[in-house]
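Chemist: One structure follows; several queries about it will come next.
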Amino acid sequence: MNWLYRFMYGRYGADQLTFALIILYLILSLTLTLIPVPLIWLLAYIPMVFCFYRMLSRNIAKRQAENWAFLRVWNPVKNWFKSANQNFKAHQEYKYFKCPNCKQKLRAPRGWGKIQVTCQRCRHQFIKKV
Ligand SMILES: [Zn+2]
């Protein structure tokens, strides 16, 4: 592995964008074969070529700037999926409802049957099936 270490020395290597390009390559190579256009599968190699070009590059500042630009787009997308997933889990565990008196949002663990709820804001009491 010494030769590899020496070969990669001073080169940029892998980052999050590298990983994204590999995923993109895998998706393209699976989907493009389904399109009946000659040689269209070659397009799948564009992200792969770019991926290797970046890893072997010595222009580290430029590669970092590319990765940051990628993360600026990718992080909000990732966070959206993360919060959607947490929301989904919360709705599996808790039942959400509003106080009939003051419209305060309340929640209670699911599966307890009929429970008496006391609103935290207005102290209104009501029966709710959860
Ligand atoms: Zn209330």
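Chemist: List every residue pair whose Cβ atoms sit under 7 Å apart, with the two residues 6 or more apart in sequence or on different chains, where the first one lies in segment 38-53 and is small (Gly, Ala, Ser) and the second, anywhere, is surrounded by 13 or more Cβ atoms within 10 Å (Cβ to Cβ).
Modeler: Listed by first residue and then by second, the contacts come to Ala44/Tyr25; Ala44/Leu28; Ala44/Ser29; Ala44/Leu32.
Chemist: Kindly indicate whether any position in segment 36-49 is under 27 Å from the mean Cα position of the chain (by Cα) and more than 26 Å from Gly13 (Cα to Cα).
Modeler: Yes, that holds for at least one residue.
Chemist: Given the residues Lys95, Lys82, Lys114, Lys103, which is the only one that is surrounded by fewer than 10 Cβ atoms within 10 Å (Cβ to Cβ) and without any contact (Cβ under 8 Å) to a residue 60 or more places away in the chain?
Modeler: Just one listed residue meets the conditions, Lys114.
Where a number appears in this text, it was derived from the coordinates with a stated rule and is not lab data. Every value quoted in this text rests on a predicted model; they were computed, and no experiment measured them. Glycine gets a Cβ as well: all are built from the backbone with ideal geometry, and neighbour counts include every protein chain shown.
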